[in-house]
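Notes for the one structure printed next.
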Amino acid sequence: MPPRHEESRAIPLRGPDGVRPMHRVLPLEFQTIIEPFRIKSVEPLRFTTVDEREQLLGRAGYNLFHLRAEDVLIDLLTDSGTGAMSTEQWAGMMRGDESYAGSRSYLRFLEVVQELTGFEHILPTHQGRAAERILFGEVVRPGHVVPNNTHFDTTRANIEHFAGLPADLVIPEGMRPSDEHPFKGNVDVERLEQSLREHGRERVPLVMVTVTNNSGGGQPVSLENLRAVRRVCDRWGVPLFLDACRFAENAWFIKQREPGQSHRSPRDIAREMFRLADGATFSAKKDGLANIGGFLAMNDEALAERCRNNLILTEGFPSYGGLAGYDLEAIAQGLREVTEEDYLRYRVRGVEYLWEKLDAAGIPLVRPAGGHAVYVDAKALLPHVPPEQYPAQSLAVELYRAGGVRSVEIGSVMFGRPRPDGTEEPAPMELVRLAIPRRVYTQSHIDYVAEVTVAVADRARELRGYRFTEAPRVLRHFSARFEPLATQAAECLSG
């Protein structure tokens with residue numbers, strides 16, 4: 001009997017006026033999306049009590065980055081470098097060639113990356129922020145402006161380190177968590193044109209687009225928008241770079257949501273995304289499905305030569321870039337696996353599963369579900385905690401205290417900016433990100449996360465704010481320390 005073609009049906013989701021409804025394709029007979037893998041090895045988890053976690057939080061200065069991983073039950077701090085690798089990746093690591101120069105592992109890595117991206121010059125780095133530092137160190141000068149949909153933390157910090165000015169130009173819907181839009185990561189093209197007109201070509205060394213848009217809720221960017229940004233860059237003679245950490249998840253959303261793209265494979269869409277750009281920074285700890293690594297890629301030979309010299313100075317020889325040969329093998333194989341439809345369907349549906357549970361409980365979320373994480377709108381959930389008392393930090397701390405779930409604040413702790421008068425400009429959104437590692441947790445783990453989050457949300461009015469006791473100048477969220485404002489809850493409840 002010939003194989004039966006899988007029939008499918010589109011389930012419409014809400015979209016804004018004038019935008020076609022989003023849809024996801026599910027099998028007609030069975031709607032359960034199962035993991036496209038079997039579990040071969042397990043790692044034990046340690047259970048702690050609420051009292052133990054309270055003590056651990058105090059010792060950590062109420063900063064979840066300071067907790068020991070063994071004291072965390074479900075770790076959703078980040079999806080970066082925390083995924084489980086496949087049997088083929090582990091097999092590749094055993095074949096790793098550790099030759100200092102010109103190893104077989106580097107040549108395989110180079111072949112895979114060039115086939116996917118089309119870029120001529122590929123420089124391996126130990127992780128994505130190294131690629132950012134090398135790139136911006138060569139092109140950003142004091143007073144330069146770097147437009148982006150939304151810069152994430154290390155991208156922004158590296159630009160500012162070289163006295164540049166990051167400019168976030170995401171569409172208005174991308175700054176409103178409750179708005180429905182299929183591509184909330186899109187660049188506001190009119191504002192991009194205005195920025196180039198205002199600053200001039202000489203002050204804009206490049207335009208960057210982050211796919212998916214992490215700071216804005218893991219929201220995707222459409223091909224139509226990338227093409228429009230490309231046209232603007234061409235008119236002004238400005239290079240376009242991708243922050244491509246989650247390119248495969250972005251490609252999946254394009255396939256599912258963008259008219260005229262459903263017939264294409266995620267890999268084909270990803271290849272077009274890369275070919276619309278002049279270069280990219282990439283953390284292989286996300287959509288490289290690896291635990292370490294990244295690359296900087298470009299077509300400009302002169303720029304590549306300068307970056308290569310910088311790489312040799314700070315990372316290592318250009319055929320390993322701070323990585324072991326077995327890391328290069330793991331990345332090469334991961335870049336093959338990450339665009340497989342079975343994997344992407346499972347990956348995005350798993351995030352959506354948690355999102356739907358929290359949404360059904362009435363918890364305010366960034367809408368619609370993103371590709372790698374669920375983002376809780378702490379500003380809406382904790383209206384009694386003002387931004388200067390860091391509501392998203394309060395919620396993140398309570399998720400750990402209540403259930404041992406570690407998340408991360410993406411709000412004014414991470415993105416608050418000092419004013420000249422000594423006060424602080426709060427971040428536009430106060431989000432808590434529940435980032436789901438790839439191929440790590442089962443459905444019961446995610447059900448537990450939902451149960452903990454709902455329980456905390458049910459007593460949101462009891463939560464209190466925090467203040468800094470230590471705050472480094474750069475990327476303060478990684479190493480700051482806090483203390484709770486003991487009277488916050490009482491004052492708000494009495495009022």
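Where residues in the stretch 140-182 are crowded, with 21+ Cβ neighbours inside 10 Å, farther than 18 Å from L365 by Cβ and hydrophobic (A, V, I, L, M, F, W, C), which of them is modelled with the lowest pLDDT? So, considering only residues that are crowded, with 21+ Cβ neighbours inside 10 Å, farther than 18 Å from L365 by Cβ and hydrophobic (A, V, I, L, M, F, W, C), the one modelled with the lowest pLDDT is F152. I'd like to know if the stretch 102-109 contains one or more residues that are in a loop (DSSP other than H, G, I, E, B), more than 26 Å from the chain's Cα centre (by Cα), among the polar types (S, T, N, Q) and modelled with pLDDT under 95. Looking through the stretch 102-109, none of the residues is in a loop (DSSP other than H, G, I, E, B), more than 26 Å from the chain's Cα centre (by Cα), among the polar types (S, T, N, Q) and modelled with pLDDT under 95. Evaluated against (1) in a helix (DSSP H, G or I); (2) over 15 Å from P147 (Cα atoms), E193 falls short on exactly one condition, (2).
Across the stretch 132-170, the qualifying residues are those that are in contact with a strand residue (DSSP E or B) (Cβ under 7 Å, 6 or more places away or on another chain) and β-branched (V, I, T), and the one among them that is farthest from F241 (Cα to Cα) is V170. If the condition is being buried (at least 19 other Cβ atoms within 10 Å of the Cβ) and part of a helix (DSSP H, G or I), then the stretch 113-127 contributes V113, L116, T117.
Could you tell me whether the stretch 464-472 includes any residue that is open to solvent by 10 Å² or more (accessible area, probe 1.4 Å), among the charged types (D, E, K, R), modelled with pLDDT of 90 or more and more than 28 Å from R347 (Cβ to Cβ)? Yes, the conditions are met somewhere in the stretch 464-472. Being farther than 26 Å from L313 by Cα and of a type in the set (V, I, T) is the filter here, so list the residues in the stretch 146-181 that pass it. T150, V170, I171, listed by residue number.
Residues in the stretch 298-354 that are touching an Asp or Glu at 6+ places or on another chain (Cβ under 7 Å) and small (G, A, S): G321, G322, A324, G325.
The set of residues in the stretch 237-268 that are in a helix (DSSP H, G or I) and more than 24 Å from P147 (Cα to Cα) comprises W252, K255, Q256, R257, P266, R267, D268. Any idea which residue in the stretch 339-366 is nearest to A244 (Cα to Cα), counting only those that are open to solvent by 30 Å² or more (accessible area, probe 1.4 Å) and assigned to a loop (DSSP other than H, G, I, E, B)? So, considering only residues that are open to solvent by 30 Å² or more (accessible area, probe 1.4 Å) and assigned to a loop (DSSP other than H, G, I, E, B), the one nearest to A244 (Cα to Cα) is E340. P383 fulfils the conditions (1) in contact (Cβ under 8 Å) with a residue 12 or more places away in the chain; (2) open to solvent by 10 Å² or more (accessible area, probe 1.4 Å) except for a single criterion, (1). Can you spot a residue in the stretch 296-312 that is under 23 Å from G174 (Cβ atoms) and crowded, with 24+ Cβ neighbours inside 10 Å? Scanning the stretch 296-312 turns up no residue that is under 23 Å from G174 (Cβ atoms) and crowded, with 24+ Cβ neighbours inside 10 Å.
Could you list all residues from the stretch 176-203 that are closer than 22 Å to L223 by Cβ and within 18 Å of the chain's Cα centre (by Cα)? P182, F183, K184, G185, N186, V187 - these are the residues of the stretch 176-203 that are closer than 22 Å to L223 by Cβ and within 18 Å of the chain's Cα centre (by Cα). Counting only residues that are modelled with pLDDT of 95 or more, over 21 Å from P177 (Cβ atoms) and in contact with an Asp or Glu (Cβ under 9 Å, 6 or more places away or on another chain), the stretch 401-440 holds 8 of them. The single residue among A130, A69 that is under 30 Å from V397 (Cα atoms), open to solvent by 60 Å² or more (accessible area, probe 1.4 Å) and in contact with an Asp or Glu (Cβ under 8 Å, 6 or more places away or on another chain) turns out to be A69.
A single member of Y106, Y62 is surrounded by 14 or more Cβ atoms within 10 Å (Cβ to Cβ), within 26 Å of A280 (Cα to Cα) and in contact with a strand residue (DSSP E or B) (Cβ under 9 Å, 6 or more places away or on another chain), and it is Y106. Kindly establish whether L395 is open to solvent by less than 40 Å² (accessible area, probe 1.4 Å), closer than 17 Å to H66 by Cα and modelled with pLDDT of 95 or more. Answer is yes for this residue.
The values are calculated or read from the model by the stated rules, or taken from the named source; none is laboratory data. What you are looking at is a predicted structure, and each value in this text was computed from that prediction instead of being measured. In this analysis, Cβ positions are derived from the backbone assuming ideal geometry, glycine residues included, and neighbour counts consider all displayed protein chains. For accessibility, only protein heavy atoms count, side chains too; no ligands or nucleic acids. Shrake-Rupley method; radii C 1.70, N 1.55, O 1.52, S 1.80 Å.
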